[in-house]
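J.: Have a look at this one.
The values are calculated or read from the model by the stated rules, or taken from the named source; none is laboratory data. Since the model is a prediction, treat every value here as computed from it, not as a measurement. Cβ placement follows ideal geometry from the backbone for every residue including glycine, while neighbour counts extend to all protein chains displayed. Please note that ligands, DNA and RNA were not included when accessible areas were found on the heavy atoms of the full protein model with its side chains. Shrake-Rupley method; radii C 1.70, N 1.55, O 1.52, S 1.80 Å.
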Amino acid sequence: GDLYSLYCKDDSQSWAAGDGSLFMRSSAGTWSARNSMSLQHADYRAVWSPAPGEAFAFGVARYGVYWNTVDLMLMDTPGGISPDQVNALWGSSIDNLYAVGFYTFPSESGFVVRFDGAQWQLVDSGSQHAVKAITGSSNTDVWIGTEAGGLLKGIAPP
């Protein structure tokens, strides 16, 4: 299938994800598929790695996966929502990872969910439009881009 997302943690490791596939490139330059006997890959649109040999991947499904260096772990309905599509991932660390996208049930809306290292929580995105992109430079400096041209800066809780 097609590949849609590339994440380069550093010179020693890169990740690629797409339709039914997740790949890791080692420091030796070899690409290897990361598969599981117990879990089927989704059509991923975003991949992000917190540490060597680990990666999160989400896309066109209500679930995503976490590759824990050995196997795929299911991350179903993050933040209690059922995403139609996760468009992007960004994090400053394993306990500050964001996923953005949109869902259509019970009503159409964009979303932002945050992973604190243990669980996903829904965050107010400030927009009803689908969230297309996310980036940041620290735990408190986070920006999102939305459908219809919105650009919003996250505000850290008090």
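J.: Name, by its number, the condition in (1) open to solvent by 60 Å² or more (accessible area, probe 1.4 Å); (2) at pLDDT 95 or above; (3) assigned to a loop (DSSP other than H, G, I, E, B) that does not hold for residue 105.
T.: Condition not satisfied by residue 105: (2).
J.: Looking at (1) at pLDDT below 95; (2) under 19 Å from residue 83 (Cβ atoms), can you tell me which one residue 13 breaks?
T.: The failed condition is (2).
J.: Residue 2 - would you say it is modelled with pLDDT of 95 or more and either in contact with a His (Cβ under 8 Å, 6 or more places away or on another chain) or closer than 29 Å to residue 124 by Cα (or both)?
T.: It is false that residue 2 is modelled with pLDDT of 95 or more and either in contact with a His (Cβ under 8 Å, 6 or more places away or on another chain) or closer than 29 Å to residue 124 by Cα (or both).
J.: Does residue 92 satisfy the condition of being open to solvent by 40 Å² or more (accessible area, probe 1.4 Å), closer than 19 Å to residue 144 by Cα and of a type in the set (Ser, Thr, Tyr)?
T.: Yes.
J.: On to the next question. Return the total of residues in the stretch 120-139 being surrounded by 12 or more Cβ atoms within 10 Å (Cβ to Cβ) and either within 17 Å of the chain's Cα centre (by Cα) or in a strand (DSSP E or B) (or both).
T.: Total satisfying the criteria: 13.
J.: Would you check if there is a residue in the stretch 16-23 being open to solvent by 60 Å² or more (accessible area, probe 1.4 Å), part of a strand (DSSP E or B), of a type outside the set (A, V, I, L, M) and over 22 Å from residue 132 (Cα atoms)?
T.: yes
J.: Ok, one more. State all residues of the stretch 50-72 that are of a type in the set (A, V, I, L, M) and either over 19 Å from residue 133 (Cα atoms) or open to solvent by less than 30 Å² (accessible area, probe 1.4 Å) (or both); if no residue qualifies, say none.
T.: Selection gives 51, 55, 57, 61, 65, 70, 72.
J.: Please determine, by comparing only the residues of the stretch 24-49 that are in a strand (DSSP E or B) and without any contact (Cβ under 8 Å) to a residue 24 or more places away in the chain, which one is surrounded by the most Cβ atoms within 10 Å (Cβ to Cβ).
T.: So the residue we want is 25.
J.: Anything in the stretch 87-102 that is of a type in the set (A, V, I, L, M) and over 8 Å from residue 46 (Cβ atoms)? List them, or say none.
T.: 94, 97, 100
J.: Would you tally the residues in the stretch 73-87 being crowded, with 21+ Cβ neighbours inside 10 Å and out of contact with any Lys or Arg (no Cβ under 7 Å at 6 or more places or on another chain)?
T.: 1
J.: Continuing with this model, one more query. Which of the residues belonging to the stretch 140-153 are at pLDDT 85 or above and assigned to a loop (DSSP other than H, G, I, E, B)?
T.: 141, 150
J.: Okay, moving on. Go through the residues of the stretch 50-61 one by one and say whether even a single one is charged (D, E, K, R), over 12 Å from the mean Cα position of the chain (by Cα) and not in a strand (DSSP E or B).
T.: no
J.: Still on this structure, I have one more. So residue 117 clears everything in (1) assigned to a loop (DSSP other than H, G, I, E, B); (2) in contact with a helix residue (DSSP H, G or I) (Cβ under 7 Å, 6 or more places away or on another chain) except one condition, right? Which one?
T.: Failed condition: (2).
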